């Protein structure tokens, strides 16, 4: 018996030891896994955590139900779903929304995670007695269950309604643009149900209070709304502010926007200041408000330099804003100045100015006056010369007429016309006769149209110190005659090139005869035939009978008023050349390029150049558009190039191009444009430099030859023994 008990006890101890050993080994294995960096006792890694699938997560079971709600009031009730654990988090989703009311919110129950609190509001004006919605549920990151229906019983009906009353009209009065007026609108709910609505107003109206635009008025209570009126433009405006369909729930909002500032005159014409030679004017702005107004200003490019960035208008007063065009800006002007507030409200004022009329200014170098030019003492039979600078400060070309009595003579050719803002130098020489003695006092006149400038010329002819030399010139050198001379734009070349300008081929229409060809010399007048005849008396200009608008249309880019020399048969269906440009320029030629019209295919082109010719009838030089003959055309498809040859260096030429079809009919001329020839290469200095180099090389070679041909020199040194 003892043996049996001992054996049984030993067996129990062995079993206990075996259980303890299994637990110990399990603990060791776990410790080993942690100690050896997660590799385990036998080097086996632990499996990584993975996200369970939606099938493994499963789905909760939503429970259908029924609740009773009151129309016109928010009612809360709970929805729930069966979950596999009481603490499992369940998410709810509304699948179908109610039709007779709305779900205001749905919030999870913090104490019971498988339930949610729903807030429902039924429309008090609805006649429905029941309503329903459907919802589904899921675990987090799982899939949603099937939707179940939840029924709602609506109670209340017509006895639970809201009755809104507002003022029938609210007048904000007159408000300046950019400013704001705020008024209150009282709202009274006479019904037994609450009133709730989101309100949105369009400009110029704005809801100030409540800030969130949500209006809630309980039954039998009242509330005040604040509405602002901020006009964006001048004039009356109105808006029907409706809170309900009844007449008592609609309020008419009215207001009038007024200009914060006005311009006294919408158009300003600039006038010429004779002293500064600037066209000036002022814009008057009236501030109607009771506070200062800060305006920003911007204007046309030619006016912007005369404007400030901002102007401060005093309340209830008129402020003048001066505007002007610079002295060198003489062309006609039609632009605008705009004044604007920070909110974008703006007012514009038109600014116009006619072209500055031509006017001559005289300048005598190294002289404090322009009325007297003293040549000092000059020996009889000899000569001296002085310079006078004449400038046209206007925007229109003017004819130039110079009257110079003897013994003074004009030594250069100033031309017969002076372009806008152009200058020319007059070289006046004093040539007293060999027998003339005593003081010389004459008056020289430089005039144009109605503008005349007398200059008193003084000198004193004295007896020559060594007698009159045999080769003393008795007259100034004569200018080289030319058959035809193109006008020199806005600058006269100082050097007189001996190359004669080619005479273009004259194309005359059958309708109008061309002016007879007249030989023109360097002065721009007909060559003298030996008779004592003054052909410089100014007659009547052909364009004086035209209106200023017509003169402006016929004005060239350089400011000359020119008419066509050849009267053409114009067909409006023929398109003129397009995209005219200057391709290449040299000292004696200009290459033009343009795009030819598609029709007619057999069209040819003619280049016209503005030239100055003499009219024997009026005895005056006139500017005309003359066909030019020395043109070589090169056409590839619709691209045309024309090389105009036989021109003079450093001269501004004006061109225009016409399209002529096979029948001789032409298009309207293209837009005129200006091109300038290049400065010719001066070979004088190149030849001089090469000559000096050659002379230097020859001298160096001669010196080397002489040095090498010298006899050798031997030196002997004697030494006593």
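The values are calculated or read from the model by the stated rules, or taken from the named source; none is laboratory data. Just so it is clear, the structure is predicted and the values come from calculations on it, not from any experiment. Cβ coordinates were reconstructed from backbone atoms using ideal geometry, including for glycine residues, and neighbour counts include every protein chain displayed.
Of all residues in the stretch 75-92, how many are more than 60 Å from the chain's Cα centre (by Cα) and part of a strand (DSSP E or B)?
Matching residues across the stretch 75-92 total 9.
Cβ-Cβ under 8 Å, sequence separation 6+ or interchain: first residue in the stretch 70-91 and in the same structural domain as residue 120 (by TED's automatic domain parsing) and surrounded by 15 or more Cβ atoms within 10 Å (Cβ to Cβ), partner assigned to a strand (DSSP E or B) and at pLDDT below 80. Which pairs?
70/155; 71/155
Could you look through the stretch 384-408, keep only residues that are surrounded by fewer than 16 Cβ atoms within 10 Å (Cβ to Cβ) and within 49 Å of the chain's Cα centre (by Cα), and pick out the one that is farthest from residue 449 (Cα to Cα)?
So, considering only residues that are surrounded by fewer than 16 Cβ atoms within 10 Å (Cβ to Cβ) and within 49 Å of the chain's Cα centre (by Cα), the one farthest from residue 449 (Cα to Cα) is 387.
Taking the stated definitions as given, is residue 244 at pLDDT 85 or above, not in a helix (DSSP H, G or I) and not assigned by TED's automatic domain parsing to the domain that holds residue 104?
no
Yes or no: residue 387 closer than 22 Å to residue 412 by Cα, part of a strand (DSSP E or B) and either in contact with a strand residue (DSSP E or B) (Cβ under 9 Å, 6 or more places away or on another chain) or without any contact (Cβ under 8 Å) to a residue 24 or more places away in the chain (or both)?
Yes: the conditions hold for residue 387.
I need the strands (runs of 3 or more DSSP E) fully contained in the stretch 546-649, keeping only those with at least 2 residues that are surrounded by 18 or more Cβ atoms within 10 Å (Cβ to Cβ) and under 36 Å from the mean Cα position of the chain (by Cα).
Those strands (runs of 3 or more DSSP E) span 590-595, 604-615, 620-627, 639-644.
Is it true that residue 268 is touching a residue at least 12 places away in the same chain (Cβ under 8 Å), crowded, with 19+ Cβ neighbours inside 10 Å, within 33 Å of the chain's Cα centre (by Cα) and closer than 30 Å to residue 351 by Cα?
In short, yes.
Limited to the stretch 392-412, what total is found for residues that are closer than 24 Å to residue 440 by Cα and part of a loop (DSSP other than H, G, I, E, B)?
Matching residues across the stretch 392-412 total 6.
Which residue out of 458, 430, 411 is at pLDDT 90 or above, surrounded by fewer than 17 Cβ atoms within 10 Å (Cβ to Cβ) and either outside the structural domain of residue 369 (by TED's automatic domain parsing) or farther than 24 Å from residue 675 by Cβ (or both)?
458
Can you tell me which of 329, 334 is within 44 Å of the chain's Cα centre (by Cα), exposed (fewer than 15 other Cβ atoms within 10 Å of the Cβ) and at negative phi?
334
Can you spot a residue in the stretch 179-191 that is at pLDDT below 85 and closer than 27 Å to residue 70 by Cα?
For the stretch 179-191, residues at pLDDT below 85 and closer than 27 Å to residue 70 by Cα: present.
Can you tell me which residue in the stretch 93-115 is modelled with the lowest pLDDT, limited to those that are part of a loop (DSSP other than H, G, I, E, B) and under 21 Å from residue 154 (Cα atoms)?
Among residues in the stretch 93-115 that are part of a loop (DSSP other than H, G, I, E, B) and under 21 Å from residue 154 (Cα atoms), the one modelled with the lowest pLDDT is 100.
For the stretch 225-238, how many residues meet the condition of being crowded, with 17+ Cβ neighbours inside 10 Å and over 35 Å from the mean Cα position of the chain (by Cα)?
So the count comes out to 5.
In this structure, is residue 67 surrounded by 15 or more Cβ atoms within 10 Å (Cβ to Cβ) and modelled with pLDDT under 90?
Spelling it out, it is not the case that residue 67 is surrounded by 15 or more Cβ atoms within 10 Å (Cβ to Cβ) and modelled with pLDDT under 90.
Do any strands (runs of 3 or more DSSP E) entirely within the stretch 116-217 hold 1 or more residues that are in contact with a helix residue (DSSP H, G or I) (Cβ under 6 Å, 6 or more places away or on another chain) and surrounded by 15 or more Cβ atoms within 10 Å (Cβ to Cβ), and if so, which?
Ranges flagged: 130-139.
Within the stretch 547-586, work out how many residues are in contact with a helix residue (DSSP H, G or I) (Cβ under 8 Å, 6 or more places away or on another chain), in contact (Cβ under 8 Å) with a residue 12 or more places away in the chain and either within 13 Å of residue 355 (Cβ to Cβ) or not assigned by TED's automatic domain parsing to the domain that holds residue 648 (or both).
So the count comes out to 1.
The rows are residues; the columns are (1) modelled with pLDDT of 90 or more; (2) surrounded by 10 or more Cβ atoms within 10 Å (Cβ to Cβ).
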site: 662; (1), (2): no, yes
site: 666; (1), (2): yes, yes
site: 678; (1), (2): no, yes
site: 688; (1), (2): no, yes
site: 709; (1), (2): no, no
site: 720; (1), (2): no, no
